[in-house]
Each structure stands twice: as structure tokens, then as C-alpha cells.
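Worksheet: the structure to be examined is printed underneath.
The values are calculated or read from the model by the stated rules, or taken from the named source; none is laboratory data. Just so it is clear, the structure is predicted and the values come from calculations on it, not from any experiment. Counting neighbours? That spans all protein chains shown, and the Cβs are built from the backbone with ideal geometry, glycine included. The accessibility values were calculated without ligands, DNA or RNA, using every heavy atom of the protein model including side chains. Shrake-Rupley method; radii C 1.70, N 1.55, O 1.52, S 1.80 Å.
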Amino acid sequence: MDITKKKRDFLRAVGFEKCHQAQEREEQKDFVPLYQDFENFYKRNLYTRVRDNWNRPICSLPGPVFDVMERVSDDYNWTFRLTGRTIENVINMGSYNYLGFAENNVDFLKTVAEETRQYGVGVCSTRQELGNLSTHEKLERLVAEFLGVESAMAFGMGFATNSMNIPALVGKGCLILSDELNHTSLILGARLSGATIRVFKHNNMQSLEKMLKDAICSGQPRTHRAWKKILIMVEGIYSMEGSLVRLPEILALKKKYKAYLYLDEAHSIGAVGPTGRGVTEYFGVDPNEVDVLMGTFTKSFGAAGGYIAGKKELVDYLRSHSHSAVYATAMSPPVVEQIIRAIKCIMGVDGTTEGQRRVRQLAENTRYLRSRLKEMGFIIYGNQDSPVVPLLLYLPGKVGAFSRAMLKRKIGVVVVGFPATPITEARARFCVSAAHTREMLDKVLQSLDELGDDIKLKFSRHRSSYRPELYDETDFELDS
Amino acid sequence: MALADAWKQLSWFYYQYVLVTALYMLEPWERTIFNSLLITVAAMAVYTGYVFMPQHIMAILHYFEVVQ
């Protein structure tokens, strides 16, 4: 395939092919080329061919089923046009709708409507100036109570929570030990802060311990002075692997070497743990032991934004020193109210058991989907209990074929390829939701079964039969 | 009837080949170029085999003194 890519590029350079993408102006042709680097090469020749599997326009809310607008391409994905038809009732296996709060049920949204009528939609100010509404204070108190920590602060955008607050917490002369597969927001925040960054292998405690030992023994790179702070950055659930962090071991290491821990629970808050409190509850660990708890409201709560929680001194410091608090607009009131009602629902404060039912339904759906997929013979990554299920496709050709075939069977999936995963490990990522019913999951499993045989995706050699063997009598003797 | 089944089976095999070699993503004219190159190389290999195999086999048998 590389040969074909190079041939195509050559043809384009020679002028045979009309160049569809951005190009420098005629006068600038002698300058250093702007559009020729490797990522663009990949993007031009590979991504564009399968581009129709991403950025699909949706015309309903992203609940368990949604409507997709149909679009076709006449010139192999350089341009698209909408045909005007919509594909209705496509089962949604890609939205981060873990507890099913992305719904438009009128009863549940009464308080949100009230709030919009009272406060409007825009805040028109930053938190520090005139944007600190009483709903924000209510939300922060509620988040702190939900997580079991002293205090919390909410921000308007989940990505910005990471990238704007890490520079406020660490600076030059500090050390950041971040996991190999951390999210871009964490990496961006770490780079912006100016601290030294060292990367340890994914979930590998020996690698982390070795790095901690080396860091404490040798100190800062040239002066060998002691580090001002050592911050370990990990995520609760890694979104591309579905693996859970090894929290008890990291806490033991942190106490031994006196480092700080920054836990990004973007996917795990609301989705793991017996009552949905996140990885701290899942492992039975006191949330006060983690120094900085960060999470987003986008995934399980069906809203937008992020929070940082921890000790009162930490959050008070962030209120005045965070870039986001000083410069970014405050969260919009209806969004805040949606988060408040979602948290109240999960905690059970509003008097119903709906929240508990959803958390239990999510756990059941996750376990059902994972065990059936493993029985069928697919290769799945990740922990038994994580609602993020990556199914490995391995070959880049199958990525496009898989996504198109699933859409034809009215199931919407997210497939991930090169820049987000290694190029030989393309995968399809399923996000289980509490709003999925057994019938929907069965339909998905059946389509996967047929597709798996058609495209040959059942790579696993550990297949166990899902029909228990029939014996006339038991293997072992029973004393009667 | 059997011909239709055989044709379906063959087209499924072609589909697998196209997926595994990532030809699935290429436009039809690129596929024809790649396929013709592959067939040319394969034909050359078969032709070479046809011309030189008897000589090689005789030489081996001669080495092991099975035939003089």
C-alpha cells in the first residue's frame, strides 16, 4: 500500500491529478514546503479513502438509538453531499452515554427548564468577575459530597479542565510522571506547565517505581537539586484500552516516595463502583488519599464540563490561580442544573431508586457484552468491569469495511485507527450504556457474529463453547 | 446452481484477499494496476519453474546418486 501511496503522490506532484487539498501559492513554490510532512502524507492517502466513517452528521439526541443523516461521496471521499434521507433508529454503540442521562424525557428535565426560565442560558462573564452564580456553588458542594472529599470546583470544558489547571499546580522544577497512554488534554497541560515530563509504561508499577527511585536519587537534570514536586498522572479508565488503573499499588508507591497523585476519572466517574462513585469506590480506597481528583461531566452525567476536587486549600488555590477560572466563561445554568439533577439521581437524594437501577444496569450490560464477545472469539482489551470495550480489528482495510457494514445493519460504531492507536492495532470501540436493553445488545451481538464470520474478525484462539456440555451425571461423587 | 455457489464462494475469497492486503481502500484503477503487477510476477515465477524444474530435479537425483 505504501507503494501505491507514493505513486499517487508522485502523480499529484507531476500534475496528472488535480490536487484537492490545500497547496501553497505559485509564488511560494520555492520556499520550504508547508504541506508535505509525514502526517499529511498519511492523511492524504489513507485517511481520506475511509473518511466517510467519521464525522457522520446526526439529527437526533445521542441516546441508545439515534438517527444518522445519509451522505454519499461522488469522488472517493474528497467531498460529500447529503442525500436528504435519514437512517432512523441506529443503535448507538459509540456515545459516552454510560448512565443514559442523554435523554429528553420531560419529567426528568423539569428542573432544568425551570432553571433556564429563571437564569437564561448565557452567563457572560468569568467565574472570577460576575459569573459566580448560586447554582455553581450548589453544584460544587454537591460534587464534593458525591465524591466524599472536602471541596470541588467546576469548569466549563472537560479538556480545558486538564490543560488549564495542570499549569497552575506544577511549574518548572517539578517532575511529572505520566502514563504512556494518557489523554491529549493531560499531555497538553503537562507540556504547558513547563515541568519535566517522564513517561512510564502503561499500568506498569515496576517501571513507575524505577522512575521514582531514579528521580529521587538524582534530582533535577543538571543541577541535581531535589525536585520541588513529583506528580503522578494517571487516568481511571483509559479510553482506548478500557483498562483500569492499579490504584492501591500507586497509592502505596506514592506514600513510600512522597509523591502527589492526579487521577483523571473522565470515563470512570459514574460508570464503575457499586454506587457509581468511580475507581476510588471500586477499589475500596478512601478518596481523601488521592491528592487531586479530576473528572468530566460529559460522559456519565450527560452534560458538559469538568471538575477538580480535593482538599479545601487546593481548591481555594485553584479558584484564584487557575487560568480557566480567571479567563474562561462560567458554565451555563441549564447545564449546571442537568448535572445537579443527574448527581441527585445517582445518589438517590431525589427519592427514587432510578440512579441505583441505572448503575446496576450498566454493570450488568457491561458484563453481558464482554462475556458474550469473548465467547464468540473476538479479541477484547480491558478490565472485566469497564464499560469501554475495544474490539481489535488489526488490519487497516477492515476498519473501513467494518464500519460501513455495521451502518448498513443499523448499528453505529466508532472505529479508531492510526494516530490514536498504533498503526497495526486498529480497533472498534463500544461504549456500553445503561439505556441499552437486552434486545439491543442481542441485536448488536448477532450482527457482530455475522460480520465476524464474513470479514474474519474472530482472531482469538481461546474460544470456549457457550453451550455447556451435557453430561448424564456429574463428574464428581456426591455424598448423599 | 453449483456454479452460483462456487461463484459466491470465490467472490468471498476475493473479498478477504482485498481486505487483508488493504486493496479494499484503493480505487478500482489502482486495484487493477496492483493485481496485474502481482499476476505478472506470479506468471514469471511459474514460467521459470516450468522451464528449470526438470533440470533441477535431475541434478538433485544425480547428486544423491539415485540416477546416473
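Inside the stretch A:71-93, can you point out the residues that are open to solvent by less than 60 Å² (accessible area, probe 1.4 Å) and outside any loop (DSSP other than H, G, I, E, B)?
If the condition is that a residue be open to solvent by less than 60 Å² (accessible area, probe 1.4 Å) and outside any loop (DSSP other than H, G, I, E, B), then A:71, A:72, A:83, A:86, A:87, A:90, A:91, A:92 are the ones that fit.
On the given criteria, is residue A:368 under 20 Å from the mean Cα position of the chain (by Cα), at negative phi and among the aromatic types (Phe, Trp, Tyr)? Please lay out each step first, then the result.
Details: under 20 Å from the mean Cα position of the chain (by Cα): no; at negative phi: yes; among the aromatic types (Phe, Trp, Tyr): yes.
Taking the combined requirement at face value, the residue does not satisfy it.
If you check residue A:234 against the conditions, is it in contact with a strand residue (DSSP E or B) (Cβ under 7 Å, 6 or more places away or on another chain) and either open to solvent by 10 Å² or more (accessible area, probe 1.4 Å) or modelled with pLDDT of 90 or more (or both)? Before you say what the answer is, go through the steps one by one.
Values: in contact with a strand residue (DSSP E or B) (Cβ under 7 Å, 6 or more places away or on another chain): yes; either open to solvent by 10 Å² or more (accessible area, probe 1.4 Å) or modelled with pLDDT of 90 or more (or both): yes.
Yes.
Every residue, every condition in (1) open to solvent by 10 Å² or more (accessible area, probe 1.4 Å); (2) within 21 Å of the chain's Cα centre (by Cα); (3) more than 14 Å from chain B (Cβ to nearest Cβ); (4) more than 30 Å from residue A:247 (Cβ to Cβ), yes or no:
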residue: A:403; (1), (2), (3), (4): no, yes, no, yes
residue: A:406; (1), (2), (3), (4): no, no, yes, yes
residue: A:432; (1), (2), (3), (4): no, yes, yes, no
residue: A:435; (1), (2), (3), (4): yes, yes, yes, no
residue: A:440; (1), (2), (3), (4): yes, no, yes, yes
residue: A:456; (1), (2), (3), (4): yes, no, no, yes
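For the stretch A:161-173, give me each residue that is buried (at least 19 other Cβ atoms within 10 Å of the Cβ) and touching a residue at least 40 places away in the same chain (Cβ under 8 Å). Before you say what the answer is, go through the steps one by one.
In the first step, residues of the stretch A:161-173 are kept if they are buried (at least 19 other Cβ atoms within 10 Å of the Cβ); the result is A:161-170.
Those that are buried (at least 19 other Cβ atoms within 10 Å of the Cβ) and touching a residue at least 40 places away in the same chain (Cβ under 8 Å): A:161, A:162, A:164, A:165, A:166, A:167, A:168, A:169, A:170.
Would it be correct to say that residue A:276 is farther than 24 Å from residue A:168 by Cα, touching a helix residue (DSSP H, G or I) at 6+ places or on another chain (Cβ under 8 Å) and in the same structural domain as residue A:231 (by the TED database)? Step through it out loud before you land on a result.
Details: farther than 24 Å from residue A:168 by Cα: yes; touching a helix residue (DSSP H, G or I) at 6+ places or on another chain (Cβ under 8 Å): yes; in the same structural domain as residue A:231 (by the TED database): yes.
Yes, satisfied.
If you scan the stretch B:1-20, which residues turn out to be facing chain A (nearest Cβ under 7 Å) and of a type in the set (S, T, N, Q)?
B:16
Any residue in the stretch B:25-47 that's within 14 Å of chain A (Cβ to nearest Cβ): show its pairings with residues that are modelled with pLDDT of 95 or more and open to solvent by less than 90 Å² (accessible area, probe 1.4 Å) at Cβ separation under 8 Å, as long as the two are six or more apart or on different chains.
Once the first residue is within 14 Å of chain A (Cβ to nearest Cβ) and sits in the stretch B:25-47, no partner that is modelled with pLDDT of 95 or more and open to solvent by less than 90 Å² (accessible area, probe 1.4 Å) comes close enough.
If a residue has to be out of contact with any Pro (no Cβ under 9 Å at 6 or more places or on another chain) and surrounded by 11 or more Cβ atoms within 10 Å (Cβ to Cβ) to count, how many in the stretch B:25-48 make the cut? Walk me through it before giving the result.
Start the filter on the stretch B:25-48 by keeping residues that are out of contact with any Pro (no Cβ under 9 Å at 6 or more places or on another chain), which leaves B:26-48.
Applying the additional criterion that residues be surrounded by 11 or more Cβ atoms within 10 Å (Cβ to Cβ) yields B:26-27, B:30-35, B:37-38.
Residues flagged as out of contact with any Pro (no Cβ under 9 Å at 6 or more places or on another chain) and surrounded by 11 or more Cβ atoms within 10 Å (Cβ to Cβ) within the stretch B:25-48 amount to 10.
Do we find a residue being in a loop (DSSP other than H, G, I, E, B) and either within 20 Å of the chain's Cα centre (by Cα) or modelled with pLDDT of 90 or more (or both) anywhere in the stretch A:387-400?
Filtering the stretch A:387-400 down to residues in a loop (DSSP other than H, G, I, E, B) leaves A:387, A:395.
Narrowing further to those that are either within 20 Å of the chain's Cα centre (by Cα) or modelled with pLDDT of 90 or more (or both): A:387.
Taking every residue of the stretch A:387-400 in turn, at least one turns out to be in a loop (DSSP other than H, G, I, E, B) and either within 20 Å of the chain's Cα centre (by Cα) or modelled with pLDDT of 90 or more (or both).
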